[in-house]
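Asker: I am attaching a structure below and will ask some questions about it afterwards.
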Amino acid sequence: MKDDIRVLETDAMRAAREQFTALIKTPPIGSIAITITPELAEIMLETNIKNRGVTDAHVANLVRQMLEDKWVHTGEVIIFDTTGTLIDGQHRLWACFNSECNFTTDVRFGAPPESFAFVDVGRKRTASDIFSINGVSNASVMATATRW
């Protein structure tokens, strides 16, 4: 699902590079909502030097959401460290690039580089968790039955 980064620098690419460079040089305090274009996603992906491998199936799922206009701005952030290196968000950026769809998401600039070791290591929500959050009795049993 990944594609090679484009080689030609278009006007949109130059504008995206200027936008990204300004945000890295003078990071806003906290996270900010940004509409990410495929060009900006491409620029951001250039800084992706130490993440785990890309899961094509996950990117394909995100691409489908973006193409079907089902992307939800949840507040989950894409994170860059103080050196401008991407810490978290590569799958969302690849989906934007591959779908050629803009999407709005929160972005955080200026995280300490050592924070990479602690990002995205939590436990994923299970079906049982979601049933329980929604007040379903015997959530674990219901999740098992639903999977079966």
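The values are calculated or read from the model by the stated rules, or taken from the named source; none is laboratory data. Just so it is clear, the structure is predicted and the values come from calculations on it, not from any experiment. FYI the Cβ positions are ideal-geometry reconstructions off the backbone, even for glycines, and counts take in every protein chain you see. Side chains included, ligands, DNA and RNA excluded: accessible areas come from the protein's heavy atoms. Shrake-Rupley method; radii C 1.70, N 1.55, O 1.52, S 1.80 Å.
Asker: Taking percent of Cα pairs over 22 Å apart straight from the coordinates, which label in [x] 44; [y] 47; [z] 59 is the correct one?
Answerer: Read-out taken from this structure: [y].
Asker: Choose one of His73, Met13, Thr85: the residue whose Cα lies farthest towards the positive end of the charge dipole of the chain (beta-carbon charges +1 Lys, Arg; -1 Asp, Glu; about the Cα centre).
Answerer: It is His73.
Asker: Additional query: So with the 1.4 Å probe, I'd like the accessible area per residue for the chain, rounded to whole Å².
Answerer: 61 Å²
Asker: Any idea what the dipole of the stretch 14-116 comes to, in debye rounded to 20, about its Cα centre with Lys/Arg Cβ at +1 and Asp/Glu Cβ at -1?
Answerer: Values: 9 positive and 13 negative charges, 24 e Å.
For the stretch 14-116, the charge dipole is close to 120 debye.
Asker: Say the dipole of the chain comes from +1 at the beta carbon of Lys and Arg and -1 at that of Asp and Glu; which of His58, Gly30, Val107 then lies farthest toward its positive end?
Answerer: Going by the Cα projections, it comes out as His58.
Asker: Continuing with this model, one more query. With springs connecting C-alpha atoms under 10 Å apart, model the chain as a Gaussian network and identify which of Pro112, Pro27, Pro38 has the largest mean-square fluctuation.
Answerer: Its mean-square fluctuation being the largest, the pick is Pro112.
Asker: Can you give me the distance in nm between label points at Ala60 and Trp148, each placed 7 Å from the Cα along the Cα-to-Cβ direction?
Answerer: So the two model labels end up 3.0 nm from each other.
Asker: Extending each Cα 7 Å along its Cβ direction at Asn138 and Phe118, get the distance between those two points in nm, one decimal.
Answerer: 4.1 nm
Asker: Rounded to a whole number, what % of the accessible area of the stretch 46-124 do carbon and sulfur atoms account for, probe 1.4 Å?
Answerer: Numbers: 2190 of 4330 Å².
That fraction is 51 percent.
Asker: Given springs between every Cα pair under 10 Å in a Gaussian network model of the chain, which of Leu86, Leu67, Leu45 has the largest fluctuation?
Answerer: Maximum fluctuation in the GNM of the chain, among the listed residues, is at Leu67.
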